[in-house]
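The values are calculated or read from the model by the stated rules, or taken from the named source; none is laboratory data. Source: prediction; values computed, not measured. Here the Cβ is made from the backbone with ideal geometry for all residues, glycine too, and neighbour counts use every protein chain on show. Accessible surface areas use protein heavy atoms only, side chains included; no ligands, DNA or RNA. Shrake-Rupley method; radii C 1.70, N 1.55, O 1.52, S 1.80 Å.
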Amino acid sequence: MSGYLAGVLAILGINIIFAYSIYITAATGQLNLGGAGFQAIGAYACAILSNEIGLPISLTLMFSAILGGAISFLIAFPVLRTKGVYMVLATFAIAEIVAGIILNSSYLGGPTGMIINTYIETEVVLIVAIIVILLSFYMMSTRIGLAMRAVHDDEAVADLMGVNKRAIQVGAFALGGAIAGLSGGLYALYFGFIEAQYFNANISIFVLLYVLIGGTQTAWGPLLGASFFTLIPEALRIGDDWRFFIFGVIIVAMMILRPEGIVTRDALDRVSTRLFPGKSNV
């Protein structure tokens with residue numbers, strides 16, 4: 001495998017994991033624009049644990065996810081009191097606070113960044129990405145996933161049906177933060193260098209687009225959305241000067257033609273009906 005292909009696959013794996021962190025919250029009707037902040041938390045936690053303590057890679061990644069989830073859980077309670085655009089602004093503000101803390105901390109390298117001594121191969125990133133994908137699909141097929149979809153579709157009806165809306169939303173927000181922290185840890189270990197400027201607003205916006213373009217109704221959405229946003233720009237490099245224009249046109253066309261995302265429940269139901277004519281959809 002060439003170095004270029006390995007790099008693209010590693011970025012794809014990290015982006016897919018990152019996309020699922022936002023999808024988990026979006027599946028309960030929450031839009032999180034603070035993904036970059038939680039990814040930064042995981043990345044810097046991984047760097048410190050690796051450089052200062054010398055923990056094994058598996059433990060380093062585990063603690064990155066735990067820290068991201070713990071911080072997400074703590075801030076979920078005040079953040080989830082907001083709705084709509086106010087929640088988007090609140091999560092965006094959290095990401096900016098994290099970036100500000102890093103930039104003003106000499107211990108974290110400030111604006112110059114940090115070098116990580118440990119390194120992982122592309123295969124590790126892909127294996128973790130596959131595990132996250134499978135676990136996400138499994139979770140969405142369980143009663144918890146059904147409750148998440150119910151809260152997403154109609155909070156009032158879900159509450160009447162006995163769904164603990166608050167617990168579902170807080171749990172989803174915390175789990176999303178944990179997955180984002182995991183993606184940050186993988187990024188740090190793969191590239192060997194992190195800086196606060198990377199975890200900026202553009203990253204938060206792009207990962208939200210991964211999910212919205214892919215679709216928030218099924219677990220296929222973030223997988224296809226992240227793949228689309230990662231691989232299409234690389235394929236368009238042959239056009240060089242025109243690739244950003246072409247990519248922008250594709251995104252606008254997708255938003256017009258598929259406003260609910262590339263994959264929807266209705267689309268999956270139609271495919272399932274054609275493949276299994278005798279099976280009734282519930």
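Structural remarks
- Heavy-atom accessible surface of the range 3-199, averaged per residue, reaches 44 Å², computed with a 1.4 Å probe.
- Mean separation of Cα contacts under 8 Å, 6 or more apart, over the residue count of the range 1-66: relative contact order %: 21
- Of all complete DSSP H helices in the chain, those with a Cα span along the helix axis of 18 Å or greater and a mean Kyte-Doolittle hydropathy of 0.0 or more are 3-26, 35-48, 57-79, 84-103, 122-140, 165-191, 201-214, 220-235, 243-257.
- Mean Cβ count within 10 Å, highest first, over the residues of peptides 130-141, 171-182: 171-182, 130-141
- Of the listed residues K165, K83, the order by accessible area with a 1.4 Å probe, largest first, is K83, K165.
- Cα Rg over Rh - the range 155-223, Kirkwood: 1.09
- Over the range 66-111, the Kirkwood radius and the radius of gyration, each from Cα atoms, give a ratio Rg/Rh of 1.07.
- Averaging 1/r over every pair of different alpha carbons in the range 1-147 and inverting the result gives a Kirkwood radius of 16.8 Å.
- Debye, to nearest 20: dipole size of the chain, +1 on Lys, Arg Cβ, -1 on Asp, Glu Cβ: 660
- Apolar share of the accessible surface for the range 3-199: 72 percent from carbon plus sulfur atoms, 1.4 Å probe.
- Compactness of the range 138-266, expressed as Rg and Dmax over alpha-carbon positions, Å: 17.5, 55
- Across the range 3-199, C-alpha contacts under 8 Å between residues 6 or more apart give a mean separation that, scaled by the residue count, equals a relative contact order of 46 percent.
- Counting only Cβ charges, +1 for Lys and Arg and -1 for Asp and Glu, the dipole size of the range 128-223 around its Cα centre is about 180 debye.
- Positive-end extreme of charge dipole, the range 3-199 - chosen from F173, L160, L49 (charges on Cβ): L160
- Counting all C-alpha pairs of the chain, share separated by more than 23 Å (%): 55
- V170, V85, reordered so the largest accessible area comes first (probe 1.4 Å): V85, V170
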